[in-house]
Each structure stands twice: as structure tokens, then as C-alpha cells.
Amino acid sequence: AGGAAAAGVERSRPSQENRASFSGAFSSEVVGCSFYNASSSSSVHANRILQLVREPKNIHDPNAIQVACQGDKIGHLPRTTASWLAPLLDKNCITLQAKISTSFVRGTIGLRPVPVLVQVDACAL
């Protein structure tokens with residue numbers, strides 16, 4: 001009976017404010033760009049911030065994560081990447097943001113994937 005509880009030490013879960021947070025980044029790409037003709041043919045410059053939005057009702061992939069630039073869908077994260085990020089997004093464990101790695105003109109990229117840097121911010125539960 002010489003455990004921590006016997007010594008008067010209580011273990012409690014940390015409050016929301018005291019939880020450890022961490023972040024990191026990884027390289028990925030936007031796929032499926034040829035399927036989406038954005039309403040604008042403007043250039044998308046390197047380091048532009050992109051929105052990453054879950055699409056749980058996507059008929060092709062229930063883990064889909066849409067990539068948008070200024071509100072225009074430009075493609076998705078690759079299926080394998082989305083498969084491990086989607087459950088974490090759904091549980092509000094992480095937030096995502098992406099930046100374009102290379103400038104391009106909308107409508108001219110064809111079947112080539114667009115390289116991006118994905119920033120992940122997480123909070124330990």
C-alpha cells in the first residue's frame with residue numbers, strides 16, 4: 001500500500017489550458033487537379049496558404065480531404081495521406097494548413113500533382 005495514492009498524491013487529467021501541444025510539417029501533394037477547373041485562371045504563387053477541408057460524404061473516399069485556394073477546390077490530398085489524417089481531424093485532435101510549394105497557373109497543370117507543405121498542429125489529449 002505504498003503507492004502514490006497512499007502517499008497523498010492525486011493524479012488528475014490536465015486541464016485544457018495545460019495540455020501539451022506540438023506541431024510539425026511534411027511534404028505532400030495535391031492530386032486530382034485536372035478534375036477541377038477553378039473559376040479563375042489566375043496564378044497561384046508559392047507559399048500561398050491553402051485550405052484543407054474534410055469531405056466525409058465524398059463518394060470516392062470517405063477520408064477525403066479537399067484542398068482549396070481562395071475558396072476554389074483545386075484537388076485533394078492523396079488517399080493514403082488522408083486515411084491517417086481524417087480520423088484525427090474528425091476527433092478534433094489536429095488542425096491542418098497547407099502552403100503551395102511551387103507557383104503555377106490554374107488550368108495549366110494537367111495531370112501533374114502540385115507539391116504542398118502541410119502544417120499539422122496538434123494537442124495531446
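Every number in this text was worked out from the coordinates using simple rules, so none of it is lab data. Just so you know, these numbers come straight off a predicted model, no measurement behind them. Methodologically, a virtual Cβ is constructed for each residue, glycine included, from the backbone with ideal geometry; neighbour enumeration extends over all protein chains shown.
Quick look at the values:
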{"read-out": "Using alpha carbons only: equivalent-ellipsoid semi-axes of the stretch 43-97, gyration tensor based, whole Å", "value": "20, 13, 9"}
{"read-out": "Net lengthening on full extension, THR95/ARG79 (0.36 nm per residue, minus Cα-Cα)", "value": "4.0 nm"}
{"read-out": "Separation of the PHE26 and ASP61 label points, Cα + 7 Å toward Cβ, nm", "value": "1.3 nm"}
